[in-house]
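Engineer: Starting off with a structure, shown below.
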Amino acid sequence: MSGPAELMPAMVATCVVVACVLAVAGRVLPRRVIDGLAIATMLGVTCAAVVLLRYTGEGRRYLWMGGWGPHDGVSVGIPFVADPASAGLAVLVGVLTTCALLFSWHYLDAVHGHFHALVLLFAAGTEGFAFSGDLFDLIVFFELMGGAAYALTAFHIEDETSLQGGLNFAIVNSLGAYLSLTGLALLYARVGQLGLPQLHDALAHQRADALVVTSFVLVMTGFLVKGALVPFHFWTADAEAVAPTPVCVLFSGVMVELGLYGVARVYWTVYAETIPAADIRRAFLVIGAVTAVVGAVMCLGQRHFKRLLAFSTIAHMGLFMLGFAVLTPDGLGGVAVYVLGHAGVKGVLFLLAGVLLNRYGTIDELRLFRLARDQRLVATVFFAAALALAGLPPFGTALGKSIAEDAAATAGYPWATALFVLVSAATGGAVLRFGARTFLGWGDTPAPDQLAGTRLGEAVPEEDDMPARTPATMLSAIGILLASALAVGVVPGVGRAAAHAAERLIDGKGYAGQVLAGQPPAPLLPEPAAAWTGPGIWLGLLSTLLALVVAAAGLWSGRLRWMNVADPVMRRLHRVHSGHVGDYVAWMFAGMAVLVALVGLPLV
Amino acid sequence: MTVLIAIALTVVALAGTAVVVAEPPERQAVSLSVFGTALVVLFVILQAPDVALSELGVGTAIIPLMVMLTIRTMRKDRDERERNAGQEEE
Amino acid sequence: MTRLTRLLVFALGGGVVAVAFILAASGMPHFGTTHHLYRDLSVPASVQHHTANVVSAVNFDQRAVDTLGEESILIASVIGAAALLRPSEDETERLVPEQGRTLEATRLVGYVMLPVTLVLGIDVVAHGGTTPGGGFQGGVVLATGLHLLYVGGSYSALDRLRPVTSFEIADGAGAAAFALLGLLGLVSTGAFLGNFLPYGVLGQILSTGTVQVLSGIVGVEVVGGMVVLLSSFFEQELAVRPRDDD
Amino acid sequence: MHVYAYLVSGYLILAGSYGIVRSRHLVHAVVCLSVAQAGTYVLLISIGYQHGGATAPVFGSTTKPNTHAVDPVVQAMTLTDIVVSATVSALLLALAIQINKRQGTADPDELATLRG
């Protein structure tokens, strides 16, 4: 069963080795060599991930580290397991990291290759997290991802907001990881195992008692923090608003999604046969719905563009959670497609934010008013991405949205379908509004008092001498991402592959059986219902239309007095996002309490 | 043995409380170091010499040293800022 | 939020979590139980690979990937701290003259303790496969010992004895070597971090195959990493100053 | 005594978190985070303990390897954790130094650049 499976540790180890080389030799190597070495590495890793993904079509690929394979269903070793979901995530990591590095070609003061080394270590952490089949190892790679990410967030040490964003992120995420570890310890005390397949077998015959439920809540807390779900989400806006542009692409495109992947992986391999599905569905539908609404509302209220995008990511994480929470292969398959499309689209928007920041020294919507009217190309790409975010077919976002909407409606949650449309419209509308002000000069002229006395959205430009034309390397990164987002929607078979990936991810029993006992993988459904449908296309067009309405309302809101009714609620919601790390930790515990109540109380 | 473990655990809990309630940052390096020592003793009693050795280095020496250096750096930065502010006033 | 609301939110959340934790704890096996499934698997596996220190066997053999991850975290944070504590655009590095405020007695303690700690640290690293100790512990002890010089003597003495660049190289080389040995295992045995060295007699220093090698590598990396981390902090305190405009 | 060790570790985790919530200084918050993490060490090591004279999981040429020893796996996990603790603390303290430098304060109540 090895062969292609050997690619998994090789990918992680290669990233680590090259990162070490860059860290040590970075101060003597010329900048071009650093850029070239890092990009070549990530290209190689991406190719390896694609090869691995092709092989997983025939069944999971796994490798026991150190050769410590299982005997009689138990083992002292750690397995790395590639199924279409984990291999697909590895491809996504590869593509996004390559684009992020391309965008930073010559851009960004890299400080002796430190930036590149950290990006590669981050990639190593994400890949290890995707492949690991061991709960403790999962947490170790979670912390590796975190460690690199904290430093990357605060990379601009001259910028006080980026420092504070990094600190909030680091404290909340680390505490989340420690709580996950506590949950793991409870589980270990009961069954004496750490591997996901072994835990599956050990828990399959257990009752969902206080220990199981508490360990579930604790383990999930870390992943929910990473997954930016309300009320564990506060760090996200702080970190993504201030991190260097290429890093934002990684954070919003794959890091928070990996949090949800952790939730899905651990739920289905470890807890699915113990904790009743109805409880899980209720709990995660609530979390998803609240996240989507809070993210969308906060997104509408932002003028700092990166912060706006960060809240849009939170809103989309809520939607992904809804798609996961119906607990069917279709729902999860839709999420998989949606994640791919979203990563491309959001990546484009963040990179364009970087372009604007470098050119105008600000990404504040009101300060940018009419400033970028001569940027034809940038504007075209911007509006394409904004419409894709709103759910315009045939982009991948629209396909994923349509499959997930269908799954939610089939499972008996039409309100979730409605939420998909409304939240896409709100976030897409907010981005469109920003674009219309900046590139077209539409909307009310900002009042002078709105501009005075605030340094909102200003930041130290990331590049000292930005050339008059945007460099080709930056444009190529943007082009690759936009093309990928489109390809996810139009290349036939993506939906089907995602549905198969979801089927494999959901099959915890098959996971344990194959990895521990070498059982053959279960046959897949021949034709999953995961392609464009008439209603899906109509709903996509509807959410796009609504997004245009939202954008128009935002542009000329000064004339809509009745909208002020919502102001007190908005003000309160804004005040909750206080930037105070103590608040964030308090909310985190409140969220855990809610999760305990939602999952635990029905079992009493 | 059981009594010894119970005592060590209690000492750890108390030392941890002391770290949490110690307000002035200057005292943090010391209280953290004491907490680390309590943990070392507990780990030795619980038959974990390897862990005790690591905690001895990290928990009683390296982290408290970093905390102390951080606080001194912060104080130095504050002094410098005050001096600069004073110069501007003149 | 005001302080009061914040504490209330935390009290409510923390209260519920505490109750859940207490209920969970009462469902755990009693403290001191004899049932340890993983231990029962791990000890024979360790003996099979001739490693007398089972903790080292777990860290560097059975669950060596954890250690790979952990070593990567260490280098990530070393790079991160170096990047965060670099002198910013408006700062410069300038060593301020030292004030002689160390007591003679402390200085003596430092100088006496230094060789003792160094010998102890090296011993702990070297015998990691057979007695308590191993790469981390020894590395940490060594790094701590080096910094006793600061307590006992002066920073400039430390600076001379501790060329940071070479420790940076040690740190990076250690982490890279760990991953490379893993790849070597993959190539020669088909298992990442698999053992490809011969075993000796249980309890002897070179008996444990790759465990001892990996442990030594981790020792090098931890010494390098901890020294570089601490030196970033020392430099912030002693050398980094705002740039003078004149 | 059956659960006392577990309760102490749970207490440390909660106490550390409480410390972060009410902290008035970033260094204090970082230190409290490491107290919360120490709770996980205590929990892991207590889970692995065995009554009745079980030895440390280190054998030599004289002591024959046997399973009358405490659990080595939790100790290995704790070792990993301790190194992580040092690194995370270092990063956080570095951030705290720079924040204090830029903002002139390290009190979370006074740091207010990321509101709304």
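Each value in this text was obtained by applying a stated rule to the coordinates, not by laboratory testing. Being a predicted model, the structure only gives us computed values, none of them experimental. FYI the Cβ positions are ideal-geometry reconstructions off the backbone, even for glycines, and counts take in every protein chain you see.
Engineer: If one computes P(r) from the Cα atoms of segment A:72-159, what percent of pairs lie at distances over 14 Å?
Structural biologist: 69 percent
Engineer: Per residue of segment C:176-192, in order, report the coupling 6.51 cos²θ - 1.76 cosθ + 1.60 (Karplus, θ = phi - 60°) as ³J(HN,Hα) in whole Hz, putting x for Gly and Pro.
Structural biologist: Result, rounded to whole Hz: 5, 5, 4, 5, 5, 4, x, 5, 4, x, 4, 6, 8, 10, x, 10, 4.
Engineer: Taking Rh as the Kirkwood radius, which is the inverse of the mean 1/r over Cα pairs, what is the Rg/Rh value for segment A:1-122?
Structural biologist: 1.07
Engineer: Could you work out how far apart the two model spin labels at A:ALA418 and A:ALA487 are, taking each label as a point 7 Å from the Cα in the direction of the beta carbon, and quote it in nm?
Structural biologist: Here the answer is 3.9 nm between the modelled labels.
Engineer: Right, here's the next one. Just need the relative contact order of chain D here, percent rounded to a whole number, with Cα pairs under 8 Å and 6+ apart.
Structural biologist: 28 percent
Engineer: Let me ask you something else. Under a 5 Å amide H to amide H cut-off, with H placed in plane at 1.01 Å, what residues pair with A:ALA228 once short-range neighbours are removed?
Structural biologist: Close amide H contacts, sequence-distant or interchain: none at all.
Engineer: Starting with the fewest neighbours, write out A:ILE506, C:ILE75, A:ILE287 ranked by other beta-carbon atoms found within 10 Å of each beta-carbon.
Structural biologist: Placing the least packed residue first, the sequence is A:ILE506, A:ILE287, C:ILE75.
Engineer: Here's a follow-up. In what sequence do A:ARG359, A:ARG31, A:ARG437 fall when counting other Cβ within 10 Å, fewest first?
Structural biologist: Listed from fewest to most nearby Cβ atoms, that is A:ARG31, A:ARG359, A:ARG437.
Engineer: Rounded to the nearest 0.05, what FRET efficiency is calculated for C:PHE196 and A:ALA204 with R0 set to 41 Å and r the Cβ-Cβ distance?
Structural biologist: With a Förster radius of 41 Å, E is 0.65.
Engineer: Would you calculate the volume per residue, in Å³, of the smallest convex hull containing every Cα atom of chain D?
Structural biologist: Hull volume over Cα atoms, normalised by residue count, gives 123 Å³.
Engineer: If you don't mind, another one. Using only the Cα atoms, what convex hull volume per residue in Å³ does segment A:126-281 have?
Structural biologist: Once divided by residue count, the hull of segment A:126-281 is 93 Å³.
Engineer: Got the relative contact order for segment B:2-89 handy, in percent, Cα pairs under 8 Å and 6 or more residues apart?
Structural biologist: 28 percent
Engineer: What whole number of Å gives the distance from the Cα centroid of segment A:139-157 to the Cα centroid of segment A:302-364?
Structural biologist: With segment A:302-364 and segment A:139-157 each reduced to a Cα centre, they are spaced 20 Å.
Engineer: How would D:VAL27, C:VAL240 line up from fewest to most surrounding beta-carbon atoms within 10 angstrom?
Structural biologist: The most exposed by this proxy come first: C:VAL240, D:VAL27.
Engineer: Check the protein assembly as shown and count each lysine pair with an alpha-carbon distance under 19 angstrom, considering only pairs eight or more places apart or from different chains.
Structural biologist: Going through the protein assembly as shown pair by pair, I get 5.
Engineer: Another question, if that's okay. If I take every Cα pair under 8 Å that is 6 or more residues apart in chain A, average their sequence separation and divide by the length, what percent do I get for the relative contact order?
Structural biologist: 17 percent
Engineer: Rounded to the nearest 0.05, what FRET efficiency do A:ALA553 and A:SER476 have when you use their Cβ-Cβ distance and R0 = 51 Å?
Structural biologist: Once rounded, the FRET efficiency stands at 0.90.
Engineer: Looking at the calculated P(r) for segment B:2-89, what percent of the C-alpha pair distances fall above 16 Å?
Structural biologist: Roughly 61 percent, once rounded to a whole number.
Engineer: Under a point spin-label approximation (7 Å from Cα along Cα-to-Cβ), what is the C:THR2-A:VAL576 distance to one decimal in nm?
Structural biologist: Between C:THR2 and A:VAL576, the label points sit 1.9 nm apart.
Engineer: Now a separate question. For C:THR189 and A:ALA277, what does the FRET efficiency come to when R0 = 25 Å and r is the distance between their Cβ atoms, rounded to the nearest 0.05?
Structural biologist: 0.05
Engineer: While we're on this one: Using amide H atoms built 1.01 Å from N in the peptide plane, name the residues 5+ places from C:VAL240, or on other chains, whose amide H lies under 5 Å from its own.
Structural biologist: Amide H to amide H, under 5 Å and 5 or more residues apart or across chains, C:VAL240 pairs with C:ARG94.
Engineer: Can you give me the long-range amide H partners of D:ALA69? Hydrogens built in the peptide plane at 1.01 Å from N, cutoff under 5 Å, separation of 5 or more residues or another chain.
Structural biologist: Close amide H contacts, sequence-distant or interchain: D:THR55.
Engineer: While we're on this one: With θ set to phi - 60° and the Karplus curve 6.51 cos²θ - 1.76 cosθ + 1.60, what are the ³J(HN,Hα) couplings of segment A:397-413 in order, to the nearest whole Hz, using x for Gly and Pro?
Structural biologist: 4, 5, 5, x, 4, 5, 5, 5, 4, 4, 5, 5, 5, 4, 6, x, 10
Engineer: Using unit Cβ charges (K, R positive; D, E negative) and no other charged atoms, how large, in debye to the nearest 20, is the dipole of the protein assembly as shown about its Cα centre?
Structural biologist: 1680 debye
Engineer: Determine the distance separating the Cα centre of segment A:246-300 from the Cα centre of segment A:1-60; give it in Å without decimals.
Structural biologist: The distance from the Cα centre of segment A:246-300 to that of segment A:1-60 comes to 28 Å.
Engineer: Right, here's the next one. Give a quick list of chymotrypsin sites (Phe, Trp or Tyr not before Pro) in segment A:208-298 that DSSP marks as loop, anything other than H, G, I, E or B, with at most 12 other Cβ atoms within 10 Å.
Structural biologist: In loop regions of segment A:208-298 (DSSP not H, G, I, E or B), there are no sparsely surrounded chymotrypsin sites (Phe, Trp or Tyr not before Pro).
Engineer: Also, quick follow-up: Based only on Cα atoms, what Rg/Rh ratio does chain A have, Rh being taken as Kirkwood's radius?
Structural biologist: Result: Rg/Rh = 0.95.
Engineer: Please build a GNM for chain D, connecting alpha carbons under 10 Å apart, and tell me which residue among D:GLY39, D:GLY53, D:GLY19 fluctuates the most.
Structural biologist: Among D:GLY39, D:GLY53, D:GLY19, the largest mean-square fluctuation in the Gaussian network model of chain D belongs to D:GLY53.
Engineer: Please identify the trypsin sites (Lys or Arg not before Pro) of segment A:190-275 that satisfy two criteria: DSSP loop assignment and at most 13 other Cβ atoms within 10 Å. Which are they?
Structural biologist: A:ARG207
Engineer: A further question follows. Would you please state which residues of segment D:65-89 a label at D:THR55 would reach in this model, taking the label point 7 Å out along Cα→Cβ and a backbone N cut-off of under 12 Å?
Structural biologist: Backbone N within reach: D:65-70.
Engineer: Dividing the Cα radius of gyration by the Kirkwood radius, what Rg/Rh value follows for the protein assembly as shown?
Structural biologist: Rg/Rh: 0.95.
Engineer: Can you work out the Karplus-derived ³J(HN,Hα) for every residue in segment B:71-85? Use 6.51 cos²θ - 1.76 cosθ + 1.60 with θ = phi - 60°, whole Hz, and x for glycine or proline.
Structural biologist: Using θ = phi - 60°, the values come out as 5, 5, 4, 4, 5, 4, 4, 5, 4, 5, 5, 5, 5, 4, 4 Hz.
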